[in-house]
1. Any residue that is in contact with a helix residue (DSSP H, G or I) (Cβ under 7 Å, 6 or more places away or on another chain) and surrounded by 13 or more Cβ atoms within 10 Å (Cβ to Cβ) - is there at least one of those in the stretch 55-65?
2. List every residue pair whose Cβ atoms sit under 7 Å apart, with the two residues 6 or more apart in sequence or on different chains, where the first one lies in the stretch 200-226 and is in contact (Cβ under 8 Å) with a residue 40 or more places away in the chain and at positive phi and the second, anywhere, is surrounded by fewer than 18 Cβ atoms within 10 Å (Cβ to Cβ) and assigned to a loop (DSSP other than H, G, I, E, B).
3. Report, by residue number, each residue of the stretch 34-50 that is farther than 14 Å from residue 90 by Cα and more than 19 Å from the chain's Cα centre (by Cα).
4. Quick one: which strands (runs of 3 or more DSSP E) lie wholly within the stretch 39-132 and hold at least 3 residues that are farther than 17 Å from residue 28 by Cα?
5. Would you be able to tell me the number of residues in the stretch 257-267 that are surrounded by 12 or more Cβ atoms within 10 Å (Cβ to Cβ) and more than 13 Å from residue 295 (Cβ to Cβ)?
6. Kindly evaluate residue 310 against the criterion of being buried (at least 20 other Cβ atoms within 10 Å of the Cβ) and either over 17 Å from the mean Cα position of the chain (by Cα) or without any contact (Cβ under 8 Å) to a residue 24 or more places away in the chain (or both).
7. Counting only residues that are surrounded by fewer than 21 Cβ atoms within 10 Å (Cβ to Cβ) and at pLDDT 55 or above, which one in the stretch 8-18 is nearest to residue 99 (Cα to Cα)?
8. Tell me which of these residue 22 doesn't satisfy, since it passes every other one: (1) buried (at least 18 other Cβ atoms within 10 Å of the Cβ); (2) in contact with a strand residue (DSSP E or B) (Cβ under 7 Å, 6 or more places away or on another chain); (3) at pLDDT 90 or above.
């Protein structure tokens with residue numbers, strides 16, 4: 001895994017809740033209220049390999065040594081025996097005092113319930129032993145945390161000249177098209193794009209300190225089908241509803257895409273709550289995207305719409 005750094009000094013790697021994996025030997029913990037006040041933090045499943053505890057049993061405890069500026073601080077990892085089997089990292093008073101002194105303002109903010117979840121200090125754990133029991137600790141001052149979805153958002157492309165359907169020149173000629181194959185491919189890409197945005201929306205709310213809202217995000221099109229007029233029900237940080245329609249292509253941001261009559265009508269009825277997430281450059285083999293742009297409100301006001309299919313009624 002690459003360990004490149006962004007302008008703010010964070011490794012541009014995988015993010016899991018309040019953790020960022022930099023390499024197989026290094027991980028960043030973005031400190032939250034629990035870390036400051038309860039001397040502990042939960043270790044997500046994806047981060048367990050960094051601490052070499054993938055095979056840790058329920059009820060087991062593993063002792064660690066955290067080294068900082070030549071001084072050792074005791075800590076341990078515990079896996080619960082309850083059905084959840086949560087894995088947590090705990091440290092003792094000496095390391096807690098180190099964090100309090102190093103990040104005094106953040107510590108006070110956590111005590112007062114005013115810690116900003118998108119601008120917090122961090123602890124970098126770097127493994128320096130073969131068995132994953134000793135870690136060199138680096139303390140990083142508060143920086144602005146950006147989620148993957150924020151990093152991927154780009155400005156919408158400029159509009160191309162409007163196409164008037166009545167004057168469009170239609171060329172006729174034989175052409176064999178695998179409509180069934182195209183439909184299946186588009187369906188797979190569309191569903192994959194929806195699941196990608198669903199995960200990114202939940203991650204965004206979790207990292208921004210709204211786990212209560214993250215739990216309420218719903219993949220509507222998967223549960224109710226395609227008739228709702230949108231794909232995902234999500235929320236902004238204030239709890240306001242967001243109706244998200246996801247349009248995904250493997251091509252560029254300028255690649256045309258299909259909009260149904262129902263989706264168009266729903267966007268016009270819900271002007272302040274409707275969001276089009278236009279995902280482009282989607283690579284289905286790596287489940288990665290080149291980028292996305294977001295349009296809010298009526299789709300009719302954002303795009304040139306050309307009718308290309310009709311229902312024949314007699």
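The values are calculated or read from the model by the stated rules, or taken from the named source; none is laboratory data. Worth saying up front: this structure is predicted, and the values here are computed from it rather than measured. Neighbour counts run over all protein chains shown; Cβ positions are idealised from the backbone, glycine included.
1. Filtering the stretch 55-65 down to residues in contact with a helix residue (DSSP H, G or I) (Cβ under 7 Å, 6 or more places away or on another chain) leaves none.
Scanning the stretch 55-65 turns up no residue that is in contact with a helix residue (DSSP H, G or I) (Cβ under 7 Å, 6 or more places away or on another chain) and surrounded by 13 or more Cβ atoms within 10 Å (Cβ to Cβ).
2. Pairs found: 209/117.
3. Once the filter is applied, which keeps residues that are farther than 14 Å from residue 90 by Cα and more than 19 Å from the chain's Cα centre (by Cα), the stretch 34-50 yields 48, 49, 50.
4. Working: elements: 40-42, 61-68, 71-79, 87-91, 119-127.
In the stretch 39-132, the matching strands (runs of 3 or more DSSP E) lie at 61-68, 71-79.
5. 4
6. Here the answer is no, as residue 310 does not meet what is asked.
7. Among those that are surrounded by fewer than 21 Cβ atoms within 10 Å (Cβ to Cβ) and at pLDDT 55 or above, it is 17.
8. Tallying (1) buried (at least 18 other Cβ atoms within 10 Å of the Cβ); (2) in contact with a strand residue (DSSP E or B) (Cβ under 7 Å, 6 or more places away or on another chain); (3) at pLDDT 90 or above, residue 22 fails exactly one: (3).
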